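Enquirer: Questions regarding the structure given below will be posed in turn.
The values are calculated or read from the model by the stated rules, or taken from the named source; none is laboratory data. Everything numeric here is computed off the predicted structure, so don't read it as measured data. Cβ placement follows ideal geometry from the backbone for every residue including glycine, while neighbour counts extend to all protein chains displayed. Surface accessibility is based on the protein's heavy atoms, side chains included, excluding ligands, DNA and RNA. Shrake-Rupley method; radii C 1.70, N 1.55, O 1.52, S 1.80 Å.
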Amino acid sequence: MQFGSDNWAGASDKVMAALVAANGGDVPAYGGDDITKRLERRMAEAFGREVGVLLVATGTAANSLSVTGLIPPYGAVICHRGAHLNTDECGAPEFFGSNKLIALGGVGGKISRGGLAELLDRPLRGVHHVVPSVVSLTQSTELGTVYSVAEVTELAALAHGKGLIVHMDGARLANALVHTGASLAAMTWQAGVDILSFGATKGGCLLAEAIVVFDTAHLERLAYLRKRSGQLVSKHRILSAQFDAWLDGGHWLELARQANAMARRLAEGMIASGKARPAFAPEANEVFAFIAEPQAERLLAAGARFYDWDADLLEPDEQPAAGETLYRFVTSFRTTPEEVDRFLALLAQA
Ligand SMILES: *Cc1c(COP(=O)(O)O)cnc(C)c1O
């Protein structure tokens, strides 16, 4: 009954087997090995075009390098106020590139067209002010909601119209693709994404995150910045082998399908129980639900794992009622129906 986060789970068996296999033998370091070359080909196939790929150890590094690496220090990074970049990275984006973040509101953890347009329509007033340079969209969002391809396309077009670069924080991109049924190409470069943090850690690797850049002219610059930030992992095949096995044969989407299905099962069971109230229907692998605190305490005491959550990101009409607290439940590829049902049985008694 582990719903703390999807990074509590280890790696899938297939990814672990690939990691063990890659461990054998001596091969060139720093990405000069055959597994990394194979992964680069596989990435190009997966995206349906030539791409630049830079593997890093954490999503924070992927995000920070992606949003700051291609802009001047006076460029500003626009993101949702709940974005991981803004709230969970200890100022790393500001540290990496010394760029200012501009945080926007927006329903369901998403930047809205109106909100972005309002900001970008303000005239630039010279050297006293930062210049909006990147817009970052989190897919799936920090509220477990998903931007449609049409929404990404619209926001990206708006950003490009003002000369901005479009970044996608895809720590949970696989979950968003499963929800929408969109292809990797349709959700990213075809919709206008220029640079992507492609996360595999939460989706079933031990540690494997990629910066994917669609204009390969930027690759060299980003490669220098990756090294300079201490993110060029020398035993590179250990990252590549995980990512390669994860992408092979649609494994990554199978894992995300399981995680999403378990979130849906959990939310439906909560509603049926009458003891917990999802704030909105889950779209990816996270459920945000209201529970009375004493009942939540009993569930935690019985061994369930989940966190209480700040309701600040919810809309005024979604706020907890008196006596209710907001909790976040995250499912992973490893969550089983039995685990969800055990939790729901406990909830029914709580
Ligand atoms: C987990 C996560 C990341 C990456 O976090 P790290 O702990 O740095 O690997 C980035 N963005 C989002 C939305 C996340 O949930």
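Enquirer: What fraction of the DSSP beta bridges in segment 15-249 is antiparallel, stated in percent and rounded to the nearest 5? Write out the running numbers ahead of the final one.
Expert: On the way: 10 of 28 bridges.
If I count the DSSP bridges inside segment 15-249, around 35 percent turn out antiparallel.
Enquirer: How large, in percent, is the carbon and sulfur part of the accessible surface of the chain at a probe radius of 1.4 Å? Show your work: numbers first, answer last.
Expert: Working: 7890 of 14800 Å².
Carbon with sulfur: 53 percent of the solvent-accessible area.
Enquirer: Which pairs in the list LYS37/LYS100; LYS202/LYS227; LYS202/LYS235; LYS14/LYS275 are over 31 Å apart, alpha-carbon to alpha-carbon? List each step's numbers first, then the result.
Expert: Details: LYS37/LYS100 36 Å; LYS202/LYS227 24 Å; LYS202/LYS235 21 Å; LYS14/LYS275 38 Å.
From LYS37/LYS100; LYS202/LYS227; LYS202/LYS235; LYS14/LYS275, over 31 Å: LYS37/LYS100; LYS14/LYS275.
Enquirer: Kindly report the accessible area of the chain per residue (heavy atoms of protein chains, probe 1.4 Å, no ligands, DNA or RNA), in Å². If you can, show how the numbers build up before the last one.
Expert: Working: 14800 Å² over 350 residues.
I get 42 Å² per residue for the chain.
Enquirer: Using alpha-carbon pairs under 8 Å, 6+ residues apart, how would you state the relative contact order of segment 15-249 in percent? Write down the numbers at each step before the final one.
Expert: Numbers: 434 pairs, mean separation 71.9, N = 235.
Relative contact order, segment 15-249: 31 percent.
Enquirer: In square nanometres, what is the average projected area of the Cα convex hull of segment 85-192? Mind showing how you got there, number by number?
Expert: Numbers: hull surface 28.0 nm².
Quarter of the Cα hull surface area: 7.0 nm².
Enquirer: Starting from the Cα gyration tensor of segment 1-119, take the square roots of the eigenvalues, sort them a ≥ b ≥ c, and report rounded, prolate or oblate (rounded when a/c is under 1.5, otherwise prolate if a/b is larger than b/c, else oblate).
Expert: Numbers: a/c = 2.18, a/b = 1.66, b/c = 1.31.
It is prolate, given that a/c is not under 1.5 and a/b is the larger ratio.
Enquirer: Any chance you could list P(r) for segment 252-349, counting all Cα-Cα pairs in 10 angstrom bins from zero, rounded to whole %?
Expert: 17, 51, 28, 4, 0
Enquirer: Here's something else I'd like to know. Enter the accessible area of GLU293 (Å², nearest 10), with the probe set to 1.4 Å and all protein chains included.
Expert: GLU293 exposes around 90 Å² with every protein chain in place.
Enquirer: With every protein chain left in place and a probe of 1.4 Å, what is the accessible surface of ILE271, to the nearest 10 Å²?
Expert: Approximately 110 Å² of ILE271 is accessible to the 1.4 Å probe.
Enquirer: Give me the distance between the Cα centres of segment 50-85 and segment 244-286, rounded to whole Å.
Expert: 27
Enquirer: Next question. How high is the relative contact order of segment 252-349, in percent, with contacts defined as C-alpha pairs under 8 Å that are six or more residues apart?
Expert: Numbers: 143 pairs, mean separation 37.6, N = 98.
38 percent.
Enquirer: While we're looking at this one, here's another question. Along Cα→Cβ, 7 Å out, is where each label goes; now give me the distance between the ones at VAL107 and ASP312 in nm to one decimal.
Expert: So the label points at VAL107 and ASP312 sit 2.2 nm apart.
Enquirer: To the nearest 500 deg cm²/dmol, what mean residue ellipticity at 222 nm is calculated for the chain from DSSP H runs of n ≥ 4 alone, each contributing -39,500 (n - 2.57), summed and divided by the residues?
Expert: On the way: 14 runs with 145 residues, N = 350.
That calculation yields -12500 deg cm²/dmol at 222 nm.
Enquirer: Separate question: Please report the net charge: other residues with Cβ closer than 12 Å to the Cβ of GLU318, K and R +1, D and E -1.
Expert: Numbers: positive: ARG277; negative: ASP312, GLU315, ASP317, GLU324.
Once all neighbours under 12 Å are counted, the net charge is -3.
Enquirer: Let me ask something additional. Tell me the volume per residue, in Å³, of the convex hull enclosing the alpha carbons of segment 55-96.
Expert: Working: hull volume 2.9 nm³, N = 42.
Each residue corresponds to 68 Å³ of Cα convex hull volume.
Enquirer: At 7 Å along the Cα-to-beta-carbon direction for both GLU268 and GLN349, put a label point, then send me their distance in nm to one decimal.
Expert: Each label point lies 7 Å from its Cα, and together they span 2.5 nm.
Enquirer: Once a ≥ b ≥ c are taken as the square roots of the eigenvalues of the Cα gyration tensor of the chain, is the result rounded (a/c under 1.5), prolate (a/b larger than b/c) or oblate (a/b not larger than b/c)?
Expert: Working: a/c = 2.00, a/b = 1.20, b/c = 1.67.
Oblate.
Enquirer: Show me the GluC sites (Glu not before Pro) within segment 34-74 that DSSP assigns to loop and that have at most 16 other Cβ atoms within 10 Å of their Cβ. Intermediate values should be presented prior to the final figure.
Expert: On the way: sites: GLU40, GLU45, GLU50; in loops: GLU50.
Those that pass, being in a loop and sparsely packed, are GLU50.
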